[in-house]
Each structure stands twice: as structure tokens, then as C-alpha cells.
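Right, one structure below, let's go through it.
The values are calculated or read from the model by the stated rules, or taken from the named source; none is laboratory data. What you see is a predicted model, and the numbers here were worked out from it, not measured in a lab. Cβ sites come from the backbone with ideal geometry, for glycine too, and all protein chains shown count toward neighbours.
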Amino acid sequence: MKTPKFFDIYIFCFSLICLQNMKAYAQYDFDKPTLSSISVSPTSIDLSSGNVTITLSLQASDSSGIAEPRSGYSGAYISDNSIVGGTQWFSSWELVSGDQYNGTYQSYKSIEASKVPSGNYNLQIISSEIIDNAGNIANNVSSQEITVVNNNPNVDFDKPTLSSISVSPTSIDLSSGNVTITLSLQASDSSGIAEPRSGYSGAYISDNSIVGGTQWFSSWELVSGDQYNGTYQSYKSIEASKVPSGNYNLQIISSEIIDNAGNIADNLPAQQITVVNNDSQYIYLDSNGVTVKATDDAVVGQSYTLNGTSYLVVDDSTIAAQITAQNYNLVTTRVINMSYYSMAIVLLMIRLGFGILQM
């Protein structure tokens, strides 16, 4: 049986389309740059007489070619709490020999004698800045260890000494309103403590149960003594409308205490505080011992705690959605027009016994 001519044409066109798609697919490049011959020179430096430059080198090859490295983006870094300022950033990657298909790239840094004390450090390599022309990013590579000796007598690497840490009060009752917590500590340093940065908190309390997530304390403030040996405080008026009852860790931001040489104070352990909050200024138990009512200060849509239970304040526009979502711990003081809801819903609420309808 002879095949119809139009069918032959269809098969021919279909084959062309398939070949074109196969060709296009074959053009896709998913191969990442290959990195090899990673070296650091020198791996041990002596800064006692001044700065010393460290050079990081590696070989990068790729069939589509390595894209020109981005200017202003470091190729490596050394980071440690003992380093003044925290980090020594290396230069951007630079092609120094070969070509984009197979070349040697370098990143370097003049390690600052005034900032890096003696010790062993991990040189972190930012291989993610080596990208081929198809957009593929090189895989991570292992850090390299370098050793620093720095016996320069004119450099101050001594961190501020922190002591006498205290929190007052450690237990607060927010049932009647906001209460201020004050965090105090003693800070001493031979070069003097630099003036704390304005707008940077000295501490915070963070928890998913807190409305907004976090209560930020004030910046550190010198309240007695001097920059060489003084008492610093950070405080916060804990908001009754946002912090429910519970135990919380007060996190101390000691990294904001820095001496005049740029040395950052060591981390300090968190301090625990206890909060009691029955939100009596927003909701309260009626004299009948059953109905929970809202005060004039209560906000519709806001949850408040009473005797360990969280209640949501609703009004005519929000109650139906809450009942549909089976949220039954509701304060209905602001519900004015009960005709919006069927008697069945009202009876269901009463039968469930959460006893908070104000009729």
C-alpha cells in the first residue's frame, strides 16, 4: 500500500522539529567551572614589623569560558572575633595568566598588623564569585589555614572586660501596664570604651509568642564612671499589649561594646526573665465569673491573655470568620448586632461552654 504524500511531508516536518529541539537542548550548558591547584602564599606570616600580603591562587577552566569577575566582590576573607573589625576582606578575583577557558585567578590582601593578632585562621574562599558565561557557579572549596604571628608592642588587641552583669527586675507583671527592664554591666579597657553607637540595641527579647517577634532594648549608655571603667545600661519598657506570660531569654548584644582600638567585647550568656501578663487593662472576667469582657483600650483583632488563656477581641465584621475557623476563645463585647448570625451559631457557642458571649 502506497503511503499518502501528505503523510510523508508530515513525518519530514516533524523530524526537522525534533532535530531542532535536540540541537537547542544540546546547546544548553550545565557544567560548572572546574577549580584546581588551589594555593595560598605565604601560609605563615609575621606581622610584628608591619603588614604582609597573602595571595590566594587557583586554576579555573570551563568550556564556555569564565565570565569576568565582578569588581568590588571579594574572592576570600578571614573572619574572627579576635580581629579588630571582625574581618579582613580580600580583593576581587583577577585573571593573572591563561585565558577565560583555562586560566589562573588570584585574590590577595595586605593583612593589617594593627588589626590581626597572633593565631591560626581559616581563609574562606568565595568560589561563588567564579561563574562561567552560561551562569553556572563554581562549587564550594575547602578553606585554607594560615598562621599569624604578631608581637608588635604598639598594637592593642585586648578586648573590653565585661563584668557585674545584672537585670532588674528579672520578674515582671504586665497585667496593669508596661514595665521597664534595665540591663547593666561594668566595662573596662585600657584604651577606653568608644562611645556606643546611637540606634543600635544593647539587648533584645525575641520569641514567636511576642507580637511583632522582638522587644528591642535601647542603645548602651554610660551611666557612671568613665570610658576606662564605667557602668553601661540598656533598657526597655516591655509592652503589655505585645508580650504574653512566659519565660524569656534576654540576649545581650555585647558586640556593641567596642574599645577605641576597635576590639569587640566577647559574647555574654543570655539572662532569663519571667513575665506575667493577664492583660487586665484590655480584657477581664465579669463579676458573674463566666463572661470575659473587653475594656475601652482593647483593640479588635488583637489577642490578649487572661489566666493563661489567649482570647481574640471580635466585632460584627470579624466574628463570623472566627467561628467558621473554629476559633471559639472570643471576646464579643464589640459585637453589637447579633442578627448577623443564626441562632444555631449562638447556641453552638453556648453549648461549647466557652462562656464569653455578652448578650
Taking region 79-129, which residues are of a type in the set (Val, Ile, Thr) and closer than 19 Å to Val155 by Cα? Ile83, Val84, Thr87, Ile111, Val116
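Does Thr170 satisfy the criteria of being assigned by TED's automatic domain parsing to the domain that holds Ala270 and either over 26 Å from the mean Cα position of the chain (by Cα) or surrounded by fewer than 18 Cβ atoms within 10 Å (Cβ to Cβ) (or both)?
So Thr170 passes the test.
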Residue check for Gln100: over 31 Å from the mean Cα position of the chain (by Cα), without any contact (Cβ under 8 Å) to a residue 40 or more places away in the chain and closer than 20 Å to Pro33 by Cβ: yes
Failed condition for Gly103, given (1) in a strand (DSSP E or B); (2) within 16 Å of Thr53 (Cβ to Cβ): (2)
From the set of residues in region 173-183 that are part of a strand (DSSP E or B) and polar (S, T, N, Q), which is surrounded by the fewest Cβ atoms within 10 Å (Cβ to Cβ)? Thr180
Among residues of region 270-296 being touching an Asp or Glu at 6+ places or on another chain (Cβ under 9 Å) and in a loop (DSSP other than H, G, I, E, B), the residue surrounded by the fewest Cβ atoms within 10 Å (Cβ to Cβ) is Gln281
Filtering region 184-220 down to residues that are under 30 Å from Gly308 (Cβ atoms) and of a type in the set (A, V, I, L, M, F, W, C), which residue is surrounded by the fewest Cβ atoms within 10 Å (Cβ to Cβ)? Val211
Could you tell me how many of the residues in region 221-237 are in a strand (DSSP E or B), among the polar types (S, T, N, Q) and surrounded by 14 or more Cβ atoms within 10 Å (Cβ to Cβ)? 4
For the list (1) of a type in the set (Gly, Ala, Ser); (2) in the same structural domain as Glu239 (by TED's automatic domain parsing); (3) in a strand (DSSP E or B), I need the number of the one condition that Ser110 fails. (2)
Quick check on region 238-262: of everything there that is part of a loop (DSSP other than H, G, I, E, B) and without any contact (Cβ under 8 Å) to a residue 60 or more places away in the chain, which residue is surrounded by the fewest Cβ atoms within 10 Å (Cβ to Cβ)? Lys242
Of the residues in region 78-100, how many are in a strand (DSSP E or B) and within 16 Å of Asn51 (Cα to Cα)? 4
Qualifying position, being hydrophobic (A, V, I, L, M, F, W, C), touching a strand residue (DSSP E or B) at 6+ places or on another chain (Cβ under 8 Å) and in a loop (DSSP other than H, G, I, E, B), among Val141, Val148, Val155: Val141
Pairs please, first residue from region 311-339 and in the same structural domain as Gly301 (by TED's automatic domain parsing) and part of a helix (DSSP H, G or I), second anywhere and crowded, with 16+ Cβ neighbours inside 10 Å and of a type outside the set (Gly, Ala, Ser), Cβ atoms under 6 Å, 6+ apart in sequence or on different chains. Ile319/Val335; Gln322/Val314; Gln322/Leu330
